[in-house]
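Peer 1: Take a look at this one; I'll ask things after.
The values are calculated or read from the model by the stated rules, or taken from the named source; none is laboratory data. Just so we're clear, the structure is a prediction, and the values are computed from it rather than from any experiment. In this analysis, Cβ positions are derived from the backbone assuming ideal geometry, glycine residues included, and neighbour counts consider all displayed protein chains. Ligands, DNA and RNA are stripped out before the accessible areas are found, and what is left, the full protein with its side chains, is counted by its heavy atoms. Shrake-Rupley method; radii C 1.70, N 1.55, O 1.52, S 1.80 Å.
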Amino acid sequence: MAEIVLVIVAVVLCLGLAYLLYSRGSRLRLALDLVGEAQRQLDQVRTDRHALVPEFLRMATAHSEQDEHHQRAVQDALRRARTVKDASEIGQAEERLTHAIDALAIGLIEVDQHRQSLGSAIDLHAQMRIIEGRIVSSIRYYNLAVAKYTSQRRQPTAFALRTAFPLLVPMEYQDVEAEPVVEFRP
């Protein structure tokens with residue numbers, strides 16, 4: 001009789017452990033899926049901005065051919081931002097691109113003090129700043145999803161599952177929205 005009770009207790013404990021691992025695994029998979037969705041949204045917003053940069057460069061070249069240094073900086077930053085795949089480097093690459101675009105915009109303002117011939121460039125820069133805000137929001141969402149996932153992964157009940165779920169790190173990104181925005185308008 002004691003052996004039957006011991007077997008029943010062992011079966012109940014095994015079933016309880018299996019349920020605990022299954023439910024913790026489900027939560028971790030859901031949290032990892034949210035990180036993946038955040039990454040997908042960020043990639044889409046980045047692609048939107050990357051598509052606008054060559055046109056901005058074309059306009060900048062038409063207005064100021066002598067500002068080759070800033071134009072090359074934008075080209076290099078765009079190339080890096082397009083090729084980087086590691087989440088830990090995406091934020092830094094996009095931040096570098098933002099600073100390069102703004103430096104080129106400042107160069108345009110210095111060339112054309114009256115801003116009369118910069119109409120399209122002004123509008124395009126404004127559009128890229130709006131997209132920059134979306135990039136910042138997407139990175140924040142990604143980092144929140146990573147924090148939630150990491151918190152769930154650290155749970156003692158997830159210890160046995162840690163090898164199946166990768167360790168993720170948040171993106172480093174200086175919030176450029178907090179910095180002064182380049183203003184073209186007088």
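Peer 1: Restricting to segment 75-88, name every residue that is modelled with pLDDT of 90 or more, open to solvent by less than 90 Å² (accessible area, probe 1.4 Å) and in a helix (DSSP H, G or I). Please lay out each step first, then the result.
Peer 2: Here is the first cut: in segment 75-88, the residues modelled with pLDDT of 90 or more are 75-84.
Adding the requirement that they be open to solvent by less than 90 Å² (accessible area, probe 1.4 Å) leaves 75-78, 81, 83-84.
Of everything in segment 75-88, those that are modelled with pLDDT of 90 or more, open to solvent by less than 90 Å² (accessible area, probe 1.4 Å) and in a helix (DSSP H, G or I) turn out to be 75, 76, 77, 78, 81, 83.
Peer 1: Pull up segment 42-58, narrow it to residues that are aliphatic (A, V, I, L, M) and under 15 Å from residue 100 (Cβ atoms), then point me to the one that is least open to solvent (accessible area, probe 1.4 Å).
Peer 2: We begin by selecting, within segment 42-58, every residue aliphatic (A, V, I, L, M); these are 42, 45, 51-53, 57.
Next cut, under 15 Å from residue 100 (Cβ atoms) only: 52-53, 57.
Working: 52: 45, 53: 0, 57: 17 Å².
Among those that are aliphatic (A, V, I, L, M) and under 15 Å from residue 100 (Cβ atoms), it is 53.
Peer 1: Suppose we filter segment 21-41 for residues that are open to solvent by less than 70 Å² (accessible area, probe 1.4 Å), touching a residue at least 24 places away in the same chain (Cβ under 8 Å) and either more than 27 Å from the chain's Cα centre (by Cα) or under 18 Å from residue 163 (Cβ atoms) (or both); how many remain?
Peer 2: Looking only at that region, the number is 7.
Peer 1: Regarding segment 130-151, can at least one residue be identified that is open to solvent by 50 Å² or more (accessible area, probe 1.4 Å), more than 30 Å from residue 59 (Cα to Cα), in contact with a helix residue (DSSP H, G or I) (Cβ under 7 Å, 6 or more places away or on another chain) and of a type outside the set (Ser, Thr, Tyr)? Steps first, answer last, please.
Peer 2: Initial filter on segment 130-151 (open to solvent by 50 Å² or more (accessible area, probe 1.4 Å)): 130, 134, 137, 140-141, 144, 147-148, 151.
Filter once more, keeping what is more than 30 Å from residue 59 (Cα to Cα): 140-141, 144, 147-148, 151.
Next cut, in contact with a helix residue (DSSP H, G or I) (Cβ under 7 Å, 6 or more places away or on another chain) only: 141, 148.
Going one step further and asking which of them are of a type outside the set (Ser, Thr, Tyr), we end up with 148.
Within segment 130-151, one or more residues are open to solvent by 50 Å² or more (accessible area, probe 1.4 Å), more than 30 Å from residue 59 (Cα to Cα), in contact with a helix residue (DSSP H, G or I) (Cβ under 7 Å, 6 or more places away or on another chain) and of a type outside the set (Ser, Thr, Tyr).
Peer 1: So, in segment 49-74, how many residues would count as being assigned to a helix (DSSP H, G or I) and touching a helix residue (DSSP H, G or I) at 6+ places or on another chain (Cβ under 7 Å)? Steps first, please.
Peer 2: Step one: list which residues in segment 49-74 are assigned to a helix (DSSP H, G or I), which gives 49-63, 68-74.
After this cut, where a residue has to be touching a helix residue (DSSP H, G or I) at 6+ places or on another chain (Cβ under 7 Å) as well, the list is 49-50, 52-53, 55-57, 59-61, 63, 70-71, 73-74.
Total satisfying the criteria: 15.
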